[in-house]
1. In the stretch 57-89, which residue that is touching a strand residue (DSSP E or B) at 6+ places or on another chain (Cβ under 6 Å) and among the hydrophobic types (A, V, I, L, M, F, W, C) is farthest from W13 (Cα to Cα)?
2. If you go through the stretch 238-257 one residue at a time, do you hit one that is in a loop (DSSP other than H, G, I, E, B), of a type outside the set (S, T, Y) and buried (at least 24 other Cβ atoms within 10 Å of the Cβ)?
3. For the stretch 84-99, name all the residues that are small (G, A, S) and more than 20 Å from the chain's Cα centre (by Cα).
4. Please work out which one of (1) out of contact with any helix residue (DSSP H, G or I) (no Cβ under 8 Å at 6 or more places or on another chain); (2) in a helix (DSSP H, G or I); (3) polar (S, T, N, Q) is the condition S68 fails and give its number.
5. Restricting the stretch 74-121 to residues that are closer than 20 Å to A252 by Cα and charged (D, E, K, R), which is surrounded by the fewest Cβ atoms within 10 Å (Cβ to Cβ)?
6. Looking at L60, L11 in this structure, which one is in a helix (DSSP H, G or I) and free of Cβ contacts under 8 Å to residues at least 60 places away in the same chain?
Amino acid sequence: MTAFSLEPAQLAWCAELRALAAERLHPLADKGEPGHVNRALVAELGSLGLLGRLFTSGALDLCLMRESLAYACTEAETALALQGLGAHPVHAYGTEAQRARWLPRVTAGTAIAAFALSEPGAGSDAAALELRAEADASRGRRSSDPSQGGRFAGTPSLTAAPDGPARWRLTGEKCWISNAPEADFYTVFARTTPDAGARGVTAFLVPADRPGLTGRGLDMLSPHPIGALDFDAVPVTAGDVLGEVDRGFRVAMGTLNLFRPSVGAFAVGMAQAALDATLAHTAGRDAFGGKLRDLQAVSHQVAEMALRTEAARLMVHAAASAYDADAPDVPRRSAMAKLLATETAQYVVDTAVQLHGARALQRGHLLEHLYREVRAPRIYEGASEVQRGIIAKELYARQEAR
């Protein structure tokens, strides 16, 4: 298999995923409450074995999953992706105990994961994060006192305090965190060494019911939950560290390098859905004594939509293949794939809306849904401007090394 073609088995699997998304996942997505975790949908992803593939497949398979699900059910795609994003650091950098405790539940769809990196003052500039991990030698206390905070405040908890002595206390805020405040655990990035930039950040696995951890939902355009988290001296131990102390930025970037091409795959899935809807509409709609497709202005726009979608797909596949091959230029390829695919999807969906006319903006129309969904990927996991910065940095570094 090359980056430029898929094997018959892969194409068949993509078709099967699109059918499963339409027949089994979309009905569950329709029953979900916007702004809240759809646990029934996540559980079905688990029963279908798709969540387990997050940890056994390569980057290309992840892209094929995300594109195929996005084509038929964006909510299912997002639910799967967020499980992967939140739990991948545990899979890749966690201890044996951390993996044994959480990954089986993530795989089954019974535990919701979240990736907590962004802050009110540190979104695109992730190295500027200010959530503090301050040294504290006191031991954690098990408590069901509502004043201790936590998502399950007021009820007995098995994880409300860490096992053993708390080495740090987390204080500060995270913002725009997908699945917050309803996740069961968070991969949290906090500053363990002040004024050290990216080199002073540590990744922690923080169960949602730790004392001092509270959250609130944000009223966002997205149908899935996005919230803010408040850390009031939340205790964490050495056993909660993911990877190494002060090297958490590597955990974050390693995770994003894997998932950035697949964000592009999500975008490609939406673009393909918009393109197919436009082909059907323009072929059947009567206009000016013929069909819309007979108008050269229309047919050329459709051709441009198809061209850009296929180019984005190829770049996504190439970036994912580079990741799977452990190529040295993964950051550049990942950034290029996310940038091109998300910008392409925005163009394709917008053009599809234009060619459909007012009907595309009616609530419940596929394109009305895609029009709302397609905007956010150009911002999260590194905005388009950040991707351009990464690409330029990598290019100049390579030029200087010659």
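1. A87
2. No, there is no match, as no residue in the stretch 238-257 is in a loop (DSSP other than H, G, I, E, B), of a type outside the set (S, T, Y) and buried (at least 24 other Cβ atoms within 10 Å of the Cβ).
3. Here is the first cut: in the stretch 84-99, the ones small (G, A, S) are 84, 86-87, 92, 94, 97.
A97 - this is the single residue of the stretch 84-99 that is small (G, A, S) and more than 20 Å from the chain's Cα centre (by Cα).
4. (1) is the only condition that S68 fails.
5. Across the stretch 74-121, the extreme among qualifying residues is E96.
6. L11
For (1) at pLDDT below 95; (2) surrounded by 12 or more Cβ atoms within 10 Å (Cβ to Cβ), each residue gets a yes or a no:
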site: T282; (1), (2): no, yes
site: R285; (1), (2): yes, yes
site: Q296; (1), (2): no, no
site: T309; (1), (2): no, yes
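The values are calculated or read from the model by the stated rules, or taken from the named source; none is laboratory data. Worth saying up front: this structure is predicted, and the values here are computed from it rather than measured. Don't worry about glycine lacking a Cβ; one is built from the backbone with ideal geometry, like all the others, and counts go over all protein chains shown.
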